[in-house]
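Report on the following structure.
Derivation of every value follows stated rules applied to the coordinates shown; laboratory data play no part. Computed from a prediction, not measured in an experiment: that's the story for all the values here. We place every Cβ from the backbone using ideal geometry, glycine too, and count neighbours over all the protein chains shown.
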Amino acid sequence: MDLTTSQHNHLQNQGVREFKTQEGEKEDEQIVAKIMERRFFPDHIAYKTWEGFHFAGHEIRITEATDCYGAVVWPSALVLCYFLETNSKQCNLVDKNVIEIGAGTGLVSIVASLLGAFVTATDLPELLGNLQYNILQNTKQKCKHQPCVKELSWGIDMEKNFPRSSCHFDYIMAADVVYHHPFLDELLLTFDHLCKNDTVILWAMKFRLEEENRFVDRFQTLFDLEMISNFPSLNIALYKAMRKGRMKARPSKLKV
Ligand SMILES: C[S@@+](CC[C@H](N)C(=O)[O-])C[C@H]1O[C@@H](n2cnc3c(N)ncnc32)[C@H](O)[C@@H]1O
């Protein structure tokens, strides 16, 4: 499926219109409500701000900072976690090698670990302390494989830190990594570097401004893209992607 931005937007708008007219709207709202129900807040104010989530049979507490983008949990992360949990049979993560890029506070990596994957959670160096803390608090003695946290600044020292010859990931996960920042070229390069012929990319994309939304077109120069689900009320689409020509070998039965 090769879509240009305008085709993609047209499809999105068409999707939105269809949703708005009939059952779709209800379905969108119902599933989004179900996803958002997984979030809860502390009933008293503690010295550290945290948010709670219910996924994979666990209560997950995420400590947040308020000073940068990766320091809160973004709705795209919830969409991806809900997908992972509700598709744990079709998308079985047990013993799978998973890398998350732009992991932020770590929710997706934690859920993937609780579902049995061996996870490498990555982000910019300044995010790693809080990421490590959340991952440890929520996975210690609860997971088959203890996840690891590693610096990955998109496009930088990729071959040195993630050599193509020794790194093989079954899944690359990414939630809300496309927004107004100057590293979109580096982001594409990172997907390209980490993705082998049989790697599946699961990417929750929040649509904001046209300029950044065009990243979807650039992404499709390297990868085949399939929209697994679309939540117009959140402006979030969940995609599965593989290297061009590899998707047919693994037809999808995935749906939120
Ligand atoms: C909007 S946040 C999303 C965080 C998390 N995935 C979520 O959905 O809650 C974007 C994330 O991308 C990370 N990021 C931004 N630029 C980056 C770069 N050049 N290299 C690596 N990570 C980056 C940020 O640190 C942040 O954690």
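Across the range 5-244, Cα-Cα pairs more than 27 Å apart make up 32 percent of the total.
Computed from label points 7 Å out along Cα-Cβ, the spacing between HIS44 and ASN235 is 3.9 nm.
Residues whose amide H lies under 5 Å from that of LYS196, counting only those 5 or more places away or on a different chain, are PHE169; hydrogens are built 1.01 Å from N in the peptide plane. Were the residues from GLN90 through MET36 laid out at 0.36 nm apart, the gain over their Cα-Cα distance would be 17.2 nm. Where in the range 178-203 does the amide nitrogen come within less than 13 Å of the point 7 Å from the Cα of LYS160, taken along Cα to Cβ? In the range 178-203, the label zone of LYS160 (backbone N under 13 Å from the point 7 Å along Cα→Cβ) covers no residue.
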